[in-house]
Amino acid sequence: MLELRDISWSTPDGRRVIDSVSFVVADSGLVAITGPNGGGKTTLAKIIAGIEKPDGGRIFLDGSDITDLDVTERARRGISYAFQQPVRFKGLTVRDLLEIASPEVLDEKGLCVLLSKVGLCAKDYIDRDVDASLSGGEIKRIEIATVLARGTKLSIFDEPEAGIDLWSFAGLIDAFSEMKASGNTEIIISHQERILSIADRIIVIENGRVKEDGAGKDVLGHILHPQCCPVCPAGWKGASNE
């Protein structure tokens, strides 16, 4: 179980990005975090992963305080994070990266299964370097495959739909659904309606605070059919089908 208690974070110039956010994430299921651009979603994901440290509040994983643990120590505790803009590794192949990520030995079939889940053909990619020769969409899919390979109890995905074509995206939805069914916990930062539609729970973050938190189907209904004026003050038009 993941618990955030009164988490706050500000930029070096003092601008408050996360303001007293608290919520609990159970041991299984898919939690989607959505909301207006600039509302603090990615910052919150990085705080959970240990990439950023909060100015205030505490974070607990399975009852243990992990607030002061760095990203490596949290990874050892079972937290995975897929960046919105993945890192490239010159001199490392896709095969190397997946084998490092996986706790089990991967044969050709295993590599093929992992890459097919993100819309890539193993024979075309396993021996390619994870460098600038890969497009943004390709490197994004490979990073998501590494998170799937780890099979950690808590996986965080920051806008996984970015750079993913329509055909590959369908496979990605299947992969997220499979992870959910296996009992793993997923936190996905997304505006994409198809991702939000499979979420057990949706948390809306706006202006650094939790604006809404509830069952996925209920919150999605509010997002798609807001009971307010046509022009949102925050400029957010809700979930996207694109």
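The values are calculated or read from the model by the stated rules, or taken from the named source; none is laboratory data. These numbers were taken from a predicted model, which means no experiment stands behind them. Glycine also receives a Cβ, built like all others from the backbone with ideal geometry; neighbour counts cover every protein chain displayed.
Key figures for this structure:
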quantity: Some residue of segment 157-169 being under 25 Å from L2 (Cβ atoms), in a strand (DSSP E or B) and of a type in the set (A, V, I, L, M, F, W, C); calculated: yes
quantity: Pairs where the first residue, in segment 105-129, is farther than 16 Å from L92 by Cβ and surrounded by 11 or more Cβ atoms within 10 Å (Cβ to Cβ) and the second is modelled with pLDDT under 90 and of a type in the set (S, T, Y), C-beta under 6 Å, 6+ apart; calculated: G119/S168
quantity: Check on S8, under 20 Å from E206 (Cα atoms) and either of a type in the set (A, V, I, L, M, F, W, C) or modelled with pLDDT of 95 or more (or both); calculated: yes
quantity: Residue in segment 141-160 that is out of contact with any helix residue (DSSP H, G or I) (no Cβ under 6 Å at 6 or more places or on another chain), among the polar types (S, T, N, Q), under 22 Å from R76 (Cα atoms) and modelled with pLDDT of 90 or more present; calculated: no
quantity: Segment 161-196: number of residues that are at pLDDT below 90 and of a type in the set (D, E); calculated: 4
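For (1) over 20 Å from I189 (Cβ atoms); (2) without any contact (Cβ under 8 Å) to a residue 40 or more places away in the chain; (3) in contact with a strand residue (DSSP E or B) (Cβ under 9 Å, 6 or more places away or on another chain), each residue gets a yes or a no:
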site	(1), (2), (3)
A49	no, no, yes
I66	no, yes, yes
L92	yes, yes, yes
R95	yes, yes, no
F157	no, no, yes
